[in-house]
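What follows draws every value from the coordinates through simple rules; no lab data is involved. Note that the structure is predicted; figures quoted are calculated from it, not measured. Note that we place each Cβ from the backbone using ideal geometry, even for glycine, and neighbour counts take in every protein chain shown.
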């Protein structure tokens, strides 16, 4: 909506009048009469309002810390989040790594009010990637890219703690993009493979073809043309690339080859 210059001028006069009335009302006297006023809006000697700028005594937000640690020889790892100091975050990540069986655990990254991530190969010996970023998806994508750049085969994102995550709960993996949510089908003549990606970053898979492929489930992340599928119900992770050929057509290329998936439902159950 456009406003005339006169209308804008009248609106400014009304706003300053409201501030003036507020200054007269609070405390029963103008701010200029209050000693020690160094910030906010006050009244000058000529009666005009003066903006002294924002007050600097506003309460600051608390800092939180996260960290990831890994054993390069075993790829066992540990993570922490919601800690009040860098040393606490690092120590907790190291302790978790050691408790998970790591023998040579070391802290790869720590972050203050940001996110960190680890991606590893499925097999040992293997390699890993670690990164930090302002958000969970960015950290996960960078860690995955580093793992792949180091020659890792079947790299998958394992942990992505953010400093501000609630310490009472485990940190989630990044959610998949909205245009990947839903149920997808891949023609396996005769029959179909059915893959459902949920809003909470999990997936389920089952075969309706006579090929004996077992059902499985786990977590799924994707960003910038790369995806990671981590199976939690059985051994066997996958990672690769994806692209859209057309609306409702998703082409993935992973460890088992290339498949063209057709969307058959776009609104999975929560």
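Quick notes
- Rounded if a/c under 1.5, otherwise prolate or oblate - segment 65-159, Cα gyration tensor axes: oblate
- For segment 113-143, the residues whose backbone nitrogen is under 20 Å from a point 7 Å from the Cα of residue 216, taken along Cα to Cβ, are 119-128.
- Approximating the spin labels as points 7 Å out from Cα along Cα→Cβ, the residue 91-to-residue 246 distance works out to 6.0 nm.
- Per-pair calculated FRET efficiency, R0 = 30 Å: residue 233 and residue 168 via Cβ, rounded to 0.05: 0.70
- FRET efficiency, 1/(1 + (r/R0)^6) with R0 51 Å, evaluated for residue 113 and residue 264 via beta carbons: 0.80
- Computed FRET value (nearest 0.05) for residue 187 with residue 123, which takes r as the C-beta separation and R₀ as 30 Å: 0.45
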